[in-house]
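Accompanying notes for the structure given below.
The values are calculated or read from the model by the stated rules, or taken from the named source; none is laboratory data. The structure displayed is predicted, hence computed values, not measured ones. A quick note on method: Cβ atoms are made from the backbone with ideal geometry, for glycine too, and the neighbour counts reach across all protein chains shown. Note: accessible area is taken over every heavy atom of the protein model, side chains too, but ligands, DNA and RNA are not part of it. Shrake-Rupley method; radii C 1.70, N 1.55, O 1.52, S 1.80 Å.
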Amino acid sequence: MHEFLNYVVLGLTRGSMYALIALGYTLVYGVLQLINFAHSEVFMSGAFGSYLVVNAVTHDGAHPAWYGVIGILVLGLGSGAAVGAAVAYGLERVAYRPLRRRGAPKLAFLISAIGASFFLSQLAGKLFNRLNNNDFPTYFNVNHHVVAVAGVTVSLVQAIIIVSALVMMLFLDTMVNRTKLGSSIRAVAEDAPTAALMGIDIDKTIARTFIIGGALAGAAGFLFGTAYFFSNTMGFIPGVKAFAAAVLGGIGNIRGAMLGGMLLGLIEVLLPTFPWWHATGLIGIQWTDVVAFLILVLILVLRPTGLLGEKLGRAA
Amino acid sequence: MSTYTDVTKGGGQSRRSDAAEARIALAKRFAGCMFLAFVLALMIGTQEGTQDDFGYAFRKSVFAPRIGIFALIGVAVFLAVTFWPRIVPYLSRAGVRPLAAGALTVVVSFTLLNWTDSTDLNNGKFGGLRPAAAQTGGIDPVARLFFGSAFSLTPWLLLLIVVALVAAAIRFEDSSTLGYVGGGLAIVFGIWAQYAQSAVRSFLDYPDHSTGAGVALLGFVTIGVSGIVVARSHGKADSGGFFQRVYDWRPGMPLVALGAVVGLVGLFSAAWFSPTDRNAGIGLTSTMFHGTGLSGFSAAYLAWLAYVLFFATLILAGAASYLRHHLLGWVAAGLGVVSLLVTLYVMHDFSGLAAQSKFDGATGAWDNLGTGGWMLCGALTVLAGAGYLVARHEQVEVPDAAPGVSSDAALAAGSKLGPALLVVIIASALFFPPTATQFWQTVLVTEIGIYVLLAIGLNVVVGWAGLLDLGFIAFYAIGSYTTAYLTGRLPVKPPSFLELTPLAAIPFAIVICLVAGVLLGAPTLRLRGDYLAIVTLGFGEIIRVVANNSTPVTNGSRGAFNIPPPEIHIGPLDIKWGDNVLGYWYLLLVFVVIVVLLFNRLEHSRLGRAWAAIREDEVAAQATGINTVRVKLLAFAIGASTSGVAGVYFASQIGSFTPENFILNNSILVVAYVVFGGMGSLPGAMAGAAVLTWLPEFLRDQVPAEDRQMWIGAVILLMMIFRPAGLIPARRRRAELGGLDKKDSSETTAVPAGEGM
């Protein structure tokens, strides 16, 4: 049982990062009905940006007091979010707005995003490096167990990821549902021309949506870098998974993305470690992706608009 | 600037004055241009920081004097964009466009292209060759003069002179002499460039496949043409396009001119027989094979018949074009085809003879041939095509279009150039690959050709039916594995009566891919757009992972190997493909032609129109009685089976493959090719795939290898920003989108038009 619970914690850790990235996909989808394929590079640039900042203030093996750790965390999350937001805004200006002005076909957006994605990831590789195992400075003991009850352990880094992801998601949910910015985003998602008639500047709202999604992904980049590694191609696989998570929850639906991300993380970790399969050797770890995708397909066939339905406007 | 006030700021914002708005817009534009310059500085910068010092490359690229150059570029872009409306009227003057195109072509030739195969001189580019050639005493002085023994930068100076002359002719409209002088000089310079390069080639004495001099010639000739256009037009606006005008004047004439240039270069400048140590032109080849037992006919051909045949065809085709004489056209076409066959026979004859005597490692006929023969073949094809076009051309009086229908007329006129272009494409598809280097032949066969086939298949799914398929490569994998299974190269063996050669596996691959397409499509096609995308993406990954992990069936990550090359034994026909890459090219060409012919019929069929209807509005399509699920399934299955055929070809050509050949990235790339080329347009999809697979190999010589993907990303991005409908937009779609240049108000375009994605 405690093994199972440990896996649940692991799944939630992964899931919360997927959820943070998935929110960016879902927000943009909500207002533009587009898959922002370059979102994974926003995540990547958040990791690089926060590394530059964090590495400037701390170094390997520095073990500051708890408030120091929190300070660095806030700094890392903040800088990651700032860089992510900046890159996402740049993406909107360069890869999306000109196409919107020209009334381009929908797939053209997808391809320009793919081009931007290649470009950003390779530019980061050229500027910084192309190693695939850069590490953040270990300024605190990531494997320190904060919770250890009856064999169930939660390490510090897991706690940090889950807690900060939850805080950010709560913040986002409140912002979208309670603030004027949120209502303008929902209005554009619901019906852009009408929203324009109601006095909403659509371009600004779209840009802000990109900025919010980019900030979340950038912060997720910092968390991912702290927990695992970072590199110029780190975005691709989490990006695809987060996209799947957003679809699973109902793309365009903010709470759906959160749920989808968490579920996907749990499925991924729990499936191959499921006790009786594990015992009989029916499903090895290499089948994780296959089973996860099969479940996704099944859910979509049964509920074609995802678990929670798809409209951003209706999520409120 | 937006007229809507911003809700989040509470409304009461006062509007700025127009002058202030204009200033802000200008400042924003300037900032954008400087940012562009900054990014460019990073792109053309130092490689990679280190783990200790991440900022190394950044500092090297930005905090250095070189940033000043990029800042200047930024300012130049800013000025160009700002004053664009004032520049435009000049651009529509007669001759400006060909002048710009020609100058650009020459610059590309001088900077990017190879002028020699020798890799010692800066990869054989002009910049490396020029000083070396200028100082080498063994080269003909006239050629050395071109490379710059008088002035250090002679070739650039020549370009500058002719461009300045023609530009002056454009500026001072009343003088036609300037135009003629500039144009004539340009053509002379072009021939000089070609001559200088051939002098270098004969000095270096080894096989040469460089395109630099040819492209320079083309560029200079274009400049020359623009000069003549300027001189003849006396300031009349040249809006219709020069080639269109020539084509309207005498259809076939541009083809005749092209054929003449290529044929002359092939006959008088290029090598016909080039083993490793020499480049023998047609005359030298004739003497080399004199008295070696070459058949009398071939000897006569090399000695004089080649010239007679070529010039006879040229004169006939030219006369037919000029007189618009149908019968002469037929005669020219017939003579062209006969000469082509004769040329091929002679090439086979003497290269086979050389191979029989084991001359320089030749293993069979067609080895050690130079480029000259192939160029002559290409020229004869073009001339025959010109004759055919003249013969089939019907006199249609185009009435002067009323202002309202001008776009339709322009569209019809644009399509008239099609047949001529088709002739050129056929000629180069048949006879360009043999003149390319081994490297480019391999690229053609293993990259460009296969992806063109895949893009044609995906175009059905994405372009016509409007279904976003991100797992297309899965069917390709299925085709490859089917081939491996049927040729007995997988751990599971087929029953003995099913052991087949690769080509015989094609029907099976088609059927299996059809079934797989239907199996995947049936439950998922009722999903809309993006859900379909993620499901197909998942399917692609599933196929790959299954292939990777079911080792007892698919040999796991080691993949399949030793798949036999294709062979045909039907009646008298007995062809076996071996190590020669070129053979695969022609096989692939047959596949592509068959598929294109089939799909071309399909596009305008009932089914094709049903796809278009579904793509535009699924509900309306259903209401008109289209069985949407069945039609979508058909699109899916047809696309899948094309991919399967490509897979069969891939497996038997490459001989061994692993699941790593079928990664998700490849699926995404194929989608990018289709959209880049122009969604829903068959030539567009092919062009997109060809350009984007050619580009990385071309960039190999231009930028550091690691940076290639970055540049490709930038190219795709720019293409989508400036030409979102693709390289060659589909005609139907072009009609739908109306004017892409049309300025829409921001609210109608705030959200992209919903196309059934």
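See the values below:
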quantity: Label-point gap, in nm, between residue B:323 and residue B:132 - each point 7 angstrom along Cα→Cβ; calculated: 5.2 nm
quantity: Kyte-Doolittle mean at least 0.0, axial Cα span of 24 Å or more - DSSP H helices of chain B; calculated: B:18-43, B:154-171, B:176-204, B:212-233, B:306-323, B:326-356, B:372-392, B:506-524, B:529-549, B:581-603, B:628-654, B:682-699
quantity: Ranking by accessible area, most exposed first, for B:493, A:106 with a 1.4 Å probe; calculated: B:493, A:106
quantity: Of A:106/A:180; B:493/B:576; A:241/B:493; A:126/B:632; B:125/B:576, pairs whose Cα-Cα distance is over 32 Å; calculated: A:241/B:493; A:126/B:632; B:125/B:576
quantity: Shape category assigned to segment B:657-721 from the gyration tensor of Cα positions, a/c cut at 1.5; calculated: oblate
quantity: Relative contact order of segment B:446-742, pairs being alpha-carbon contacts under 8 Å that are 6 or more residues apart, as %; calculated: 33 percent
quantity: Using alpha-carbon coordinates, inclination of helix A:2-32 to the longest axis of chain A, degrees; calculated: 10 degrees
quantity: Tail beyond 42 Å, pair distance distribution of chain B (Cα, percent); calculated: 40 percent
quantity: Rough spin-label spacing in nm, given labels placed 7 Å along Cα→Cβ, for residue B:19 and residue B:307; calculated: 7.6 nm
quantity: Spin-label pair residue B:62/residue B:596, simplified geometry with 7 Å Cα→Cβ offset, distance in nm; calculated: 4.7 nm
quantity: Residue B:24 accessible area, 1.4 Å probe, all protein chains in place, Å² to nearest 10; calculated: 60 Å²
quantity: Residue B:63 - accessible surface, heavy atoms, 1.4 Å probe, Å² rounded to 10; calculated: 150 Å²
quantity: Dipole of chain B, positive direction: furthest Cα of B:294, B:646, B:624, with charges on the beta-carbon; calculated: B:624
quantity: Theoretical FRET efficiency, 1/(1+(r/R0)^6), r = Cβ-Cβ of residue A:147 and residue A:60, R0 35 Å, to 0.05; calculated: 0.85
quantity: Scattering profile of segment A:2-236 at q = 0.12, 0.16 Å⁻¹ [log10 I(q)/I(0), Debye over alpha-carbon scatterers]; calculated: -0.69, -1.10
quantity: Added length on full extension, which subtracts the Cα-Cα distance from 0.36 nm per residue, residue A:171 to residue A:190; calculated: 4.7 nm
quantity: Whole-Å semi-axes of the protein assembly as shown's equivalent ellipsoid (Cα gyration tensor); calculated: 53, 36, 30
quantity: Cα Rg over Rh - segment B:24-82, Kirkwood; calculated: 1.10
quantity: Value of [θ]222 nm, deg cm²/dmol, for the protein assembly as shown, DSSP H segments ≥ 4, -39500 (n - 2.57) each, nearest 500; calculated: -22000 deg cm²/dmol
quantity: Solvent-accessible ranking of B:579, B:707, largest area first, probe 1.4 Å; calculated: B:579, B:707
quantity: Crossing angle, helix A:288-302 versus chain A [Cα axis fit, 0-90 degrees, rounded to tens]; calculated: 40 degrees
quantity: Over segment A:165-269, volume per residue of the alpha carbon convex hull, in Å³; calculated: 107 Å³
quantity: Sequence-distant residues sharing a close amide H with residue B:526 (under 5 Å, placed H); calculated: none
quantity: Förster radius 56 Å - calculated FRET efficiency between residue B:26 and residue B:579, Cβ distance, rounded to 0.05; calculated: 0.35
quantity: Alpha-carbon centroid distance for the pair segment A:119-139 / segment B:644-660, whole angstrom; calculated: 34 Å
quantity: Euclidean distance of C-alpha centroids, segment A:186-213 and segment B:272-339, integer Å; calculated: 69 Å
quantity: Principal axis dimensions, segment B:446-742 - Cα atoms, whole angstrom, descending; calculated: 60, 51, 43
quantity: Chain A: angle of helix A:180-190 to the longest principal axis, Cα-based, in degrees nearest 10; calculated: 70 degrees
quantity: For a label point 7 Å along the Cα-to-beta-carbon line of residue B:69, residues of segment B:24-51 with backbone N under 15 Å; calculated: B:37-47
quantity: Rounded to the nearest 10 Å², the accessible area of residue A:190 at probe 1.4 Å; calculated: 110 Å²
quantity: Value of relative contact order over segment A:2-236, rounded to a whole percent, pairs C-alpha under 8 Å and six or more apart; calculated: 43 percent
quantity: Simple Cβ-charge dipole of chain B, Lys/Arg +1 and Asp/Glu -1, about Cα centre, in debye nearest 20; calculated: 1320 debye
quantity: Nonlocal amide H pairs with residue B:114, under 5 Å, H built at 1.01 Å; calculated: B:211, B:212
